[in-house]
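A short worksheet on the structure shown next.
The values are calculated or read from the model by the stated rules, or taken from the named source; none is laboratory data. Remember, predicted model here, so these are calculated numbers, not experimental data. Methodologically, a virtual Cβ is constructed for each residue, glycine included, from the backbone with ideal geometry; neighbour enumeration extends over all protein chains shown.
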Amino acid sequence: VSSHVPASRPPTVSRRVVLAGAGALTVTALVPIHGGPWVRALNAVTEPLERRVARRLVGLLPDPSALHALGRRALATSAGEPNLSSVVRAIAVSAPGGVAALAAAPARELRTHLAAVHDRELRDGEVVVIDGWVTATLEARLAALAVLLEHRDRHDR
Amino acid sequence: VIVDANEVPDGTTLSTDLCIVGGGPAGITLALALRDAPFDVLMLESGGLEYDPEVQDAASGEVAGLPYFSLATARLRYLGGSTNHWGGVCRPMTELDLAARPGVPLTGWPLAYAELDRFYPRAKELVGLGDGGWDLREWRRPDEDLLSDEQLGDRPADGAPTLRTRVVRQVEKQQRSFLRYTDDLRRQPNLTVQLHAAVTELVTDGDALIRRVEAATLTGSRFTVQPRVVVLATGGIDNARLLLASTDLDPAGLSNGNDLVGRTFLEHPRFEAARLVPLDPWRSLRLYGWHRRRGSSIRGYLALPDEVQQAEDLLDVQLRAQPQPAEAWQQATSAAVVRDADRLRDRVGGRSTGELHTSLLAITGDLLSWQRAAIPGAPLPVPQPVVLERLVRQRPAAALLPAVAGDVATAVYTDLTGRSPIDHIKLIARFDQEPNRRSRVRLSRERDRFGVPRAVLDWQLTTGDRERLWRSMELIGARLTRAGVGRVQLTFERDGTAWPDDLSGGWHHMGTTRMSASPRDGVVDPDLRSHEVPNLFVAGSSVFPTGGSGTPTLTLVALALRLAEQLRTELA
């Protein structure tokens, strides 16, 4: 998701959505990783790596559907044509070991890592502006990922 | 003495050591500071001792660039100048304001900060500010602003600079006008003030010194002043206007060899740049509205720390937080009955002695302390103490106050406690624009009644201004989110050429005779002497190279005090 936002687009992301996003990315709000060990093991043999990581990341969000509006706008306003893999890889840039590390990290470490990235981005102003809302880049990427993953799952079904 | 130029016979020639053109805050400061100087001072003021529409008409002009206030009222032409409608808001410049910014051309004052700072204490006295400075720690109470102590610090615990709240102070209304120095001017032995003397031209007679100052009166008479030294102190628009209109040496105007007179007009642009949705709707924002503290009126503004501005190559942005109450509270506090009560309070003696307001406060005190079951004959509906106890102890229940206690009680509760449930907070940005040659004062073909071409104000901003403001707002939004204050939505466009409809200025006219070390970059040198005309000095905010984070009046008074020192040497 780039920082480019087209001019004069009417605001469509409600403040409820953005406030929900703020809570979703705090360390304490991140829920236990989605699914049990057996689900992860099953996914590991049937899904591409990026998709598994996407599922892990989105699974950390307490209510991914609450971020769909933000995610759709983030995708719509992005400069390129982001897909699930490219967004996962962008998130993984911050992790030593890249995508594989995100796939292998214990849930607690993953949550801590994401919370630290989120905090650092806000501190350093690494943000994107979506419908006017100032959003940490990670927050926008996770929201985009939630949308892409749902789209992918619907396609598979 | 103070005399009326209408009494000066047509064709008279007066001589003086120092001629001050303009009786506004810069001119008056200068005159007062030269009280015991061993030379004569003559001040020419176009107006009298009160507003006169006939005189004021000479201020009319055209607005050609960005929308701006009517020039007819953007400054005032009578003794005291624009301090006669001044809002009284004061804050000094900082060291960073005077520093050159590598990424922004024409920034940087050719003046060490200490050269300005040493005159601020006296300037503060002259503008009528009471004791105290601008350090937030002097003024704030810990429970009434958006950010905690740690968040407000330059270097909080994790080492990351965050936001700052800065204090701006306001001179009391009755102290603001420099007209209050009329008696001091009248009694000053070396000073003559000629009222109703509109200067029409500075004439060099072909050499590089001003030999004559030509003036006219409403009655049609004209007279000449022969000065040793001239100080032009007619404000940020008219200083440039008069130089451009003085063409006997150069058709481009006096001291305008490098086409800089009137250029780089600066304002402090402002508009609603964002809205903040607080996570806690009951946050007190009292610090961010005008309020009295230890005998002074103060207000807090949000701003980025200096080190962030430097690291990101930004100019100053300060944000006024304007809370928008939840609907029921908004209706209550703006109800007709509240306005009537306010008017009545003012009529019976105002906030300090008004019986009504005292009564309202007493009643609300009762409401808050729930010590009385009923107030016989009270003008307000007063609910039962048990209900009030719930109201003040539980914020969700307190939201019902308008319904339970009525509009006036709600308004007084808000006034007394500084709290009401907030729907969102408008963030009004005021920013320091970059010096830009296309932003300028030039001359109209139309002339005023004295024959001086009227001013055309072509105020312009740049894409750089927009980009820097956008980046500043991104940083501020991120920091407010990180601090857990709330989420920020920017309400202006990053791209495009149009500026928001609510764009305005602060009646701050700066930059049109900018100060510079080199004649290539400005009109006057660091001593405020014209680079081209050795006996011409310029006072006022027109010499500011940049607008900075301060407010102009305090700094232009400080600079006038500094100029007085220079002139003592010059004319001794």
Is there any pair with a first residue in the range B:103-124 that is closer than 24 Å to B:V171 by Cβ and a second that is of a type in the set (D, E, K, R) whose Cβ atoms are under 6 Å apart and which are 6 or more apart or on different chains, and what are they? B:Y113/B:E95; B:F119/B:R562
Looking at the range B:220-241, which of its residues are buried (at least 24 other Cβ atoms within 10 Å of the Cβ) and closer than 19 Å to B:M510 by Cα? B:V231, B:L232, B:A233, B:T234, B:G235, B:G236, B:D238, B:N239, B:A240, B:R241
Of B:R122, B:R77, which residue is modelled with pLDDT of 95 or more, of a type in the set (K, R), under 28 Å from B:R514 (Cβ atoms) and part of a loop (DSSP other than H, G, I, E, B)? B:R77
State whether the residues of the range B:466-473 include one that is surrounded by 17 or more Cβ atoms within 10 Å (Cβ to Cβ), more than 14 Å from chain A (Cβ to nearest Cβ) and closer than 16 Å to B:L66 by Cα. no
Looking only at the range A:119-146, filter to residues that are in contact (Cβ under 8 Å) with a residue 12 or more places away in the chain and within 8 Å of another protein chain (Cβ to nearest Cβ); which one of those is nearest to A:R56 (Cα to Cα)? A:A136
Against the conditions (1) closer than 30 Å to B:L191 by Cβ; (2) surrounded by fewer than 22 Cβ atoms within 10 Å (Cβ to Cβ); (3) in contact (Cβ under 8 Å) with a residue 60 or more places away in the chain, where does B:E50 fall short? Just the number, please. (3)
When you look at B:T569, is it assigned to a loop (DSSP other than H, G, I, E, B), modelled with pLDDT under 95 and over 30 Å from B:D280 (Cβ atoms), yes or no? no
Residues to consider are B:R263, B:R275, B:R293; find the one that is in contact (Cβ under 8 Å) with a residue 60 or more places away in the chain and within 30 Å of B:L202 (Cβ to Cβ). B:R263
What is the residue count in the range A:90-118 for residues that are more than 18 Å from A:E47 (Cβ to Cβ) and either crowded, with 16+ Cβ neighbours inside 10 Å or within 12 Å of another protein chain (Cβ to nearest Cβ) (or both)? 10
Residues located in the range B:474-509, provided they are at positive phi, over 27 Å from the mean Cα position of the chain (by Cα) and more than 7 Å from every other protein chain (Cβ to nearest Cβ): B:G484, B:G486
Residues of the range B:288-316 satisfying the condition of being polar (S, T, N, Q) and closer than 14 Å to B:W134 by Cα: B:S296, B:S297
Restricting attention to the range A:101-127, and to residues there that are small (G, A, S) and outside any helix (DSSP H, G or I), which single residue is nearest to B:L314 (Cα to Cα)? A:G125
Within the range B:491-514, track down each residue that is surrounded by 24 or more Cβ atoms within 10 Å (Cβ to Cβ) and assigned to a strand (DSSP E or B). B:M510
Only unsatisfied item for B:D154, checking (1) at pLDDT 75 or above; (2) out of contact with any Ser or Thr (no Cβ under 6 Å at 6 or more places or on another chain), is (1)
